[in-house]
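Since every read-out is calculated from the coordinates, none of them should be taken as a lab result. Nothing here was measured: the structure is a model prediction, and the numbers come from that model. Here the Cβ positions follow ideal geometry from the backbone for every residue, glycine too, while neighbour counts run over all protein chains shown.
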Amino acid sequence: MASDQIVNDTVKRMLDAGIDDATILSTLADVGMDGAKGKAIIAALRAPAPVQAAPVQSAPAQETSSDEAFLTDESPENLTSQSQVSDMDMMKTELETQGEVHQLHQATTQSTLDLHEDKLNEFDTKVEALKQSVAAASVQKETDPQIFYRLTELENKVSGMTSTVNATFDVMRKVLETNRSILTSLEAKK
C-alpha cells in the first residue's frame, strides 16, 4: 500500500483541484484503501484546523509498488487532475482577460458618451443664445416700429446702390475693352 504522506498529498491536490469526493474515494479504493479510511482522510484535509498526518510508513527506496506509481505525478489520474487544474487555470485566465476587455469597452463607451454629452451641452447653449438673440430682436422690432421701418428702408437703398454700382462697373469694363480693341487696330495699321 502507498505511504500515508503520498496519499495525503495526492488527496489534497485533488481537493484543491475541485474534484468531487466520489472520484477521490474511487481512486483511493483503486489503490487498496477502504472507504472509511478514505472518508477520514478527506474529512481531515477539509478540516479548518491543521491535522497531524498519520505516521509515514517507510518503504525500501528500491521498491516501487504499482500503487505508489499510481499516486505519483506520473499516474494517469494525476495527469488528468493536473490537466483539469491546468484547464481551470486557463479558464480563470480567460475569464480575467474577458473581464478586462469588458472593462475597457465600458470605459471607452463611457468616454464617448461623455464627449457626446459635452457636445450636446455646447450645442444646447448655442441654441439658447440664438433663441435669446431672436427674442431680443423681435422684442426690439415690436417696441420700436419706426426704427425697424428705417432699417428696412436703408437695406433697400443699399441693395439698390449695389445694383447701380455693379451695372456701372459692367459698362466701364465694356468701354475699356472697346478702347483696347480700337488701340490694337490703330497700332496694327501703322
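If the segment from Thr168 to Met91 were pulled out straight at 0.36 nm per residue, it would be longer than the present Cα-Cα gap by 19.1 nm. Across the alpha-carbon set of the stretch 144-189, the Rg to Rh ratio works out to 1.49, Rh being the Kirkwood radius. Dipole magnitude for the stretch 99-190: about 1140 debye, using +1 per Lys or Arg Cβ and -1 per Asp or Glu Cβ, origin at the Cα centre.
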